[in-house]
Amino acid sequence: MVVKTSRGNAFRRNVIRQMHEIIQPTGTYQTYFHVYFLIGQPQEEDKPEVQASFKNESETYRDIIEYDQIDNYDALPDKTFAGYQFVAKYCTEKEYVLFV
């Protein structure tokens, strides 16, 4: 599953991670059903504390895909295409992919 999100939505990403830990009680997070969060580059108005928190989260969970466009509404088609590129390159063994 590829979830399109923004840097400031850490709470929502953590809820999704917790939900998948409940769904997969015999395994660990990311064992059977992989979840990736697709996020673009920061906007100028992003706060430094959000950036620091994001960096820590990215290093901790290793489930974040960063693509090289500024993350804004106008870039959603590019964001989706970046997700397809990631899936085509790294998820070739998966039969289905869900974009959320």
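The values are calculated or read from the model by the stated rules, or taken from the named source; none is laboratory data. Only a predicted model underlies this, so the values are computations on that prediction, with no experimental measurement involved. Just the protein is used for accessible areas: all its heavy atoms, side chains included, with ligands, DNA and RNA removed. Shrake-Rupley method; radii C 1.70, N 1.55, O 1.52, S 1.80 Å.
At 1.4 Å probe radius, can you tell me the per residue accessible area of the chain in Å²?
Accessible surface, normalised per residue, equals 69 Å².
Once the Cα atoms of helix 10-23 and of the chain are each reduced to a long axis, what angle between those two axes, in degrees from 0 to 90 to the nearest 10, is obtained?
Its long axis makes an angle of about 0 degrees.
With n ≥ 4 as the cut-off for DSSP H runs, can you work out [θ] at 222 nm for the chain, using -39500 (n - 2.57) per run divided by the number of residues, rounded to the nearest 500?
Working: 3 runs with 43 residues, N = 100.
Dividing the helical sum by the residues of the chain leaves -14000 deg cm²/dmol.
Which label marks the calculated value of mean projected area of the Cα convex hull in nm², given the options (1) 6.2; (2) 5.4; (3) 6.6?
(3)
Of all accessible surface on the stretch 33-100 at a 1.4 Å probe, what whole percent is carbon and sulfur?
The value for the stretch 33-100 is 52 percent carbon and sulfur by accessible area.
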